[in-house]
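The values are calculated or read from the model by the stated rules, or taken from the named source; none is laboratory data. Here the structure is a predicted model, which means the values were calculated and not measured. Positions of Cβ are backbone-derived with ideal geometry, glycine not excepted, and every protein chain shown enters the neighbour counts. Calculation scope for accessible area: heavy atoms of the full protein, side chains included, ligands and nucleic acids excluded. Shrake-Rupley method; radii C 1.70, N 1.55, O 1.52, S 1.80 Å.
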Amino acid sequence: MKVAVFSCKPYDKRTLDEASETASDIELVYFESRLSLETVSLAKGYDAISCFVNDDLSRPVIEQLANYGIKAIAMRCAGYNNVDLYCAKGLSIPVFHVPDYSPTSVAEHAVALIMALNRKTHRAYHRVKEGNFALEGLMGFNLEGKTVGCIGTGRIGEAFCRIMNGFGCKVLCYDLFENERLLALGAEYVDLETLYAESDIISLHCPLNASTHHLINKTSIHKMKDGVMIINTSRGALVNAQEAIDGLYSGKIGYLGLDVYEQEGKIFFEDMSSHIIYDSVFQLLLTFPNVVVTGHQGYFTDIALRHIADTTLANLEQLSKDPATYRRELTAKNQY
């Protein structure tokens, strides 16, 4: 099976090369380009493709992939909100992802954002570099005893709640399904209204879909405590960035930590240091002293990258050995 790997960075190539050493039936060809209508012709002559979070897998792209005879789409991530699943299913192209690639990686990054914002380490670092050791303006707060709201309690949300429980926080959760392990830990499931009203810190760990799009907006922000901390390491479009900025101006949002951004596709994962970023909302976010933005690096640990590569290769290898059976299994398990 010949596989075109899109959005491939040097670190992706290293880990995929290592994982493919035992997969003799798979030939990987790497493209740094993101998949889009403009680049989809690169998939000609391949049996399958592998993509990442900001690749365009909309209907027009998938239809073109089908014309090229692409037999499968292997996502190297947990999310698949950028994939037109209905189109893929209609064209009998199985889509699979990496549902569990080290939940603690993202959970720990969410905590890192909390700690940086709370203790203002991003500001203190620059002060000390300039010889300024004054503490005025760097006051933080004790996490112990604070109420932390977690929206989404799947694998990553569970890992996050366990960490915050270890800090001595009261943990409130919201999800369509309760996690028994978190209940045993002492976490409490509440409705969103209660979570908004009582949480000092709110962290998002839910998928992006029609019901969660712009979950954080002016209406939900208004229901929160004054000075609330909001953390998003999940999907950028969970937060309406412009309305979050309004919340920062009013003081309703006291701290904002983002590892994802709704319009990140054109800038994240690239070196933009010598370019003008034509996004006034994003540029404005960066001017706030109580905002920390990282470039979608929550997943970026050695263990997570190895697991992503291993899972991606395992799926492709199984598909290459017995495509008919594997496609039936995917359909039966509703993996589209």
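Below, the figures for the structure above:
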read-out: Given the chain, longest segment not containing exposed loop trypsin sites (Lys or Arg not before Pro) (DSSP; at most 13 other Cβ within 10 Å); value: 45-332
read-out: Distribution of pairwise C-alpha distances over the stretch 154-305, 5 Å bins, in %; value: 2, 8, 17, 21, 20, 16, 9, 4, 2, 0, 0
read-out: Computed log₁₀ I(q)/I(0) - Debye formula, equal Cα scatterers, no solvent, the chain, q 0.08 Å⁻¹; value: -0.42
read-out: Heavy-atom accessible surface of the chain: percent carbon and sulfur, 1.4 Å; value: 52 percent
read-out: Exceeding the 31 Å Cα-Cα cut-off - candidates LYS120/LYS170; LYS9/LYS146; LYS13/LYS129; LYS146/LYS266; value: LYS9/LYS146; LYS13/LYS129; LYS146/LYS266
read-out: Crossing angle, helix 323-332 versus the chain [Cα axis fit, 0-90 degrees, rounded to tens]; value: 40 degrees
read-out: Candidate lysines - alpha carbon under 16 Å from LYS252, same-chain residues fewer than 8 apart omitted; value: LYS218, LYS223, LYS225
read-out: Volume per residue that the Cα convex hull of the stretch 47-154 spans, once the total is divided by residue count, Å³; value: 164 Å³
read-out: In nm, spacing of pseudo-spin labels at GLU178 and TYR125 (7 Å Cα→C-beta vector); value: 4.1 nm
read-out: Per residue accessible area of the chain, 1.4 Å probe, in Å²; value: 48 Å²
